[in-house]
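The values are calculated or read from the model by the stated rules, or taken from the named source; none is laboratory data. Since the model is a prediction, treat every value here as computed from it, not as a measurement. Here the Cβ positions follow ideal geometry from the backbone for every residue, glycine too, while neighbour counts run over all protein chains shown. All accessible areas refer to the heavy atoms of the entire protein, side chains included, with ligands and DNA or RNA removed. Shrake-Rupley method; radii C 1.70, N 1.55, O 1.52, S 1.80 Å.
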Amino acid sequence: MNCLEERIIKDGVVKSEAVLKVDSFLNHQIDVNLLDEMGKLFKEKFKDEKITKILTIEASGIAIAVAAAKHFNVPVLFAKKSKSNNLGDNLYHSMVHSFTHNNDYDVVVSKDYLKQDDSVLIIDDFLANGCALVGLCDIVKQSGASVAGLGIAIEKGFQDGGKKLENLAIT
Ligand code: 5GP
């Protein structure tokens, strides 16, 4: 059992049939030592891949992506759920349905930071129905970069995200 599995058993709270709360250590209050261990595990898992960038989605993917990026020594890029004026119009877009808020976001990433020669590790905290990861893969595809891997902290295997991603042939 790894450090995250142990922590979920100790401090995770099953909120409803489909929702696990990990607010006390992962996505509200953050245990940085746990995240550092998770970052190391991601590095170990993808040690043979050439990774030039880690891509995630705001907000709860960011801390995990940063912890992993430290071990890969690459930048983190996160898809934004709202388009601020500072971003300009040079953007990749993808529509993502939010599992937690039950609404749709036009998520954006600046074209300045994702290029054809990038090899991208996509990281997120949860895999439920796969909408967030499919949207991130779509953005990578638009940029002409390649997806080197998908790193999920917690996959809820009873939901169909894993199958959706298998069908995309990126696992
Ligand atoms: P998906 O797009 O795969 O349906 O859902 C993934 C996103 O929804 C993740 O970015 C995560 O923030 C959120 N999410 C999905 N399931 C859970 C859950 O059980 N607990 C929490 N805290 N977030 C979840």
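How many residues, within the range 82-98, are within 16 Å of the ligand (Cβ to nearest atom) and under 18 Å from residue 55 (Cβ atoms)?
Number of matching residues: 5.
Assuming residue 118 fulfils every condition listed in (1) more than 16 Å from the ligand (Cβ to nearest atom); (2) in contact with a Ser or Thr (Cβ under 9 Å, 6 or more places away or on another chain); (3) open to solvent by 40 Å² or more (accessible area, probe 1.4 Å); (4) among the acidic types (Asp, Glu) apart from one, which condition is it?
The single condition residue 118 does not satisfy is (3).
Of the numbered conditions (1) in a helix (DSSP H, G or I); (2) more than 29 Å from residue 14 (Cα to Cα); (3) touching an Asp or Glu at 6+ places or on another chain (Cβ under 8 Å), residue 162 fails exactly one; give the number of that condition.
Status for residue 162: all satisfied but (2).
If you check 125, 138, which single one turns out to be within 16 Å of the ligand (Cβ to nearest atom), in contact with a Ser or Thr (Cβ under 8 Å, 6 or more places away or on another chain) and under 18 Å from residue 21 (Cβ atoms)?
Working: 138 fails: under 18 Å from residue 21 (Cβ atoms).
Going through 125, 138 in turn, just one is within 16 Å of the ligand (Cβ to nearest atom), in contact with a Ser or Thr (Cβ under 8 Å, 6 or more places away or on another chain) and under 18 Å from residue 21 (Cβ atoms): 125.
Out of (1) under 27 Å from residue 38 (Cα atoms); (2) modelled with pLDDT of 95 or more, what's the single condition that is false for residue 144?
(1)
Which one is surrounded by the fewest Cβ atoms within 10 Å (Cβ to Cβ) among residues in the range 24-78 that are hydroxyl-bearing (Ser, Thr, Tyr) and within 15 Å of the ligand (Cβ to nearest atom)? Before the answer, list the steps.
Within the range 24-78, the subset hydroxyl-bearing (Ser, Thr, Tyr) is 24, 52, 56, 60.
Of the ones still in play, those that are also within 15 Å of the ligand (Cβ to nearest atom) are 24, 56, 60.
On the way: 24: 15, 56: 27, 60: 20.
Only one residue tops the list, namely 24.
Taking the condition of a type in the set (A, V, I, L, M, F, W, C), touching a residue at least 60 places away in the same chain (Cβ under 8 Å) and under 19 Å from residue 118 (Cβ atoms), does residue 57 pass?
Working: of a type in the set (A, V, I, L, M, F, W, C): yes; touching a residue at least 60 places away in the same chain (Cβ under 8 Å): yes; under 19 Å from residue 118 (Cβ atoms): yes.
Yes; evaluated as a whole, the condition is true for this residue.
Which of the residues belonging to the range 1-49 are in a helix (DSSP H, G or I) and among the polar types (S, T, N, Q)? Before you say what the answer is, go through the steps one by one.
Of the range 1-49, the ones in a helix (DSSP H, G or I) are 3-11, 32-45.
Scanning the range 1-49 gives a single hit, 33.
If you check every pair at least six apart or on different chains, which have Cβ atoms under 8 Å apart with a residue in the range 21-34 that is touching a residue at least 24 places away in the same chain (Cβ under 8 Å) and under 17 Å from residue 99 (Cα atoms) first and a residue that is open to solvent by 70 Å² or more (accessible area, probe 1.4 Å) and part of a helix (DSSP H, G or I) second?
none
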